[in-house]
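The values are calculated or read from the model by the stated rules, or taken from the named source; none is laboratory data. As the structure is a computational prediction, the values presented were derived from the model and not from experiment. Note that each Cβ is placed from the backbone with ideal geometry, even for glycine, and that neighbours are counted across all protein chains shown.
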Amino acid sequence: MIKKMIQKTMLLTCLSLLSIGVAFASSQTAVTANLVKSEVDGTVLICEYRTMNQIHFKVLFSNQTCPLSIQVGH
């Protein structure tokens with residue numbers, strides 16, 4: 001139980017750092033897409049994100065968690 005919690009914490013930390021890095025690297029051409037829904041299909045987790053104009057998908061392993069928002073190309 002503790003091992004899984006540590007793994008999830010490490011994953012969330014890494015994803016947060018990656019998101020921050022992407023935001024700084026492409027602040028002129030990136031927008032934030034917010035999580036709309038997620039669905040587990042077998043061993044994968046499909047995360048659906050939306051901006052004002054587009055829909056984006058992110059595929060993760062089913063034991064992972066969808067970030068609440070992601071940076072996407074403009």
Index of the failed condition, Ser69 passing every other in (1) surrounded by 12 or more Cβ atoms within 10 Å (Cβ to Cβ); (2) of a type in the set (Gly, Ala, Ser); (3) at pLDDT below 90: (3)
Going through (1) more than 19 Å from Val72 (Cβ to Cβ); (2) at pLDDT 90 or above; (3) surrounded by 10 or more Cβ atoms within 10 Å (Cβ to Cβ) one by one, Tyr49 fails only at (1)
When you scan region 7-30, do you find a residue that is closer than 14 Å to Gly73 by Cα, surrounded by 10 or more Cβ atoms within 10 Å (Cβ to Cβ) and at pLDDT 65 or above, even just one? yes
